[in-house]
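Single-structure report; data block below.
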Amino acid sequence: MRLVTTFTLFASLAVAAVDYSSSLTSGKADMKSAGSLAFGPDGILFVGDSFGAAIFAIDTQDRKPGAGSGAVEIAGINEKIAALLGTAADQILINDMAVNPLSKNAYLSVSRGKGPDAIPVIVRVSRAGKLEEISLDKVKHSRADLPNPVEAKKD
């Protein structure tokens, strides 16, 4: 029994020490859209790209443990995101939100513009309410293509 417990302890420590971002490559995450969001281990953000028929894994580099709990309320967040992106509030669409379990920062997938020509954007919302666009031009990421994509239709 002691051997099993010792082995389990060492196996747990080995898994905890894994650097999940080491397999990601630096460069432009060429998303066609930013939809569903989910967090994996080590602050890796998964972004569903429905127009590009892919799932992106993005290293947010947001691993510092966050303090506090409860809701962060930001009145007029759509107007604030629009101002951050240099556009009007009616030209953005917030698609999804996920909270990083490590830092407690919220991440939003946003479309800047309308329809299939909209520009995908990821916005980080800190616990203090600060908004920040996450650059997709030079980021550690990986892309997994989905089989049998549906063709995007322009309105």
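The values are calculated or read from the model by the stated rules, or taken from the named source; none is laboratory data. Predicted model, so just to flag it, every value in this text is computed and none were measured. Positions of Cβ are backbone-derived with ideal geometry, glycine not excepted, and every protein chain shown enters the neighbour counts.
Here the strands (runs of 3 or more DSSP E) wholly within region 16-68 that include at least 1 residues being closer than 26 Å to Arg127 by Cα and modelled with pLDDT of 95 or more are 37-39, 44-49, 54-59. On the stretch given as region 43-73, residues that are surrounded by 15 or more Cβ atoms within 10 Å (Cβ to Cβ) and in contact with a helix residue (DSSP H, G or I) (Cβ under 7 Å, 6 or more places away or on another chain) total 5.
Which residue out of Glu132, Glu151 is assigned to a strand (DSSP E or B) and exposed (fewer than 14 other Cβ atoms within 10 Å of the Cβ)?
Working: Glu151 fails: assigned to a strand (DSSP E or B).
None of the other options fit; the residue is Glu132.
Per the listing Ile122, Ile92, the residue uniquely within 14 Å of the chain's Cα centre (by Cα), β-branched (Val, Ile, Thr) and modelled with pLDDT of 95 or more is Ile122. Condition test on Ser111, is it part of a loop (DSSP other than H, G, I, E, B) and either surrounded by 15 or more Cβ atoms within 10 Å (Cβ to Cβ) or not acidic (Asp, Glu) (or both)? No, not satisfied. Within region 79-90, is even one residue assigned to a helix (DSSP H, G or I) and among the basic types (Lys, Arg)? The answer is yes, given that some residue of region 79-90 is assigned to a helix (DSSP H, G or I) and among the basic types (Lys, Arg).
Is it the case, given these coordinates, that Asp62 is of a type outside the set (A, V, I, L, M) and touching a residue at least 60 places away in the same chain (Cβ under 8 Å)? Criteria met by Asp62.
Restricting to region 45-86, and then to whatever is hydroxyl-bearing (Ser, Thr, Tyr) and more than 15 Å from Leu108 (Cβ to Cβ), can you tell me which residue is nearest to the chain's Cα centre (by Cα)?
At the first step, the residues of region 45-86 found to be hydroxyl-bearing (Ser, Thr, Tyr) are 50, 60, 69.
Still in the list and also more than 15 Å from Leu108 (Cβ to Cβ): 50, 69.
Details: Ser50: 15, Ser69: 20 Å.
It comes out as Ser50.
Counting the residues of region 77-90 that are touching a residue at least 12 places away in the same chain (Cβ under 8 Å) and out of contact with any helix residue (DSSP H, G or I) (no Cβ under 7 Å at 6 or more places or on another chain) gives 6. Under the condition of being buried (at least 18 other Cβ atoms within 10 Å of the Cβ) and in contact with a strand residue (DSSP E or B) (Cβ under 7 Å, 6 or more places away or on another chain), the residues counted in region 78-105 number 7.
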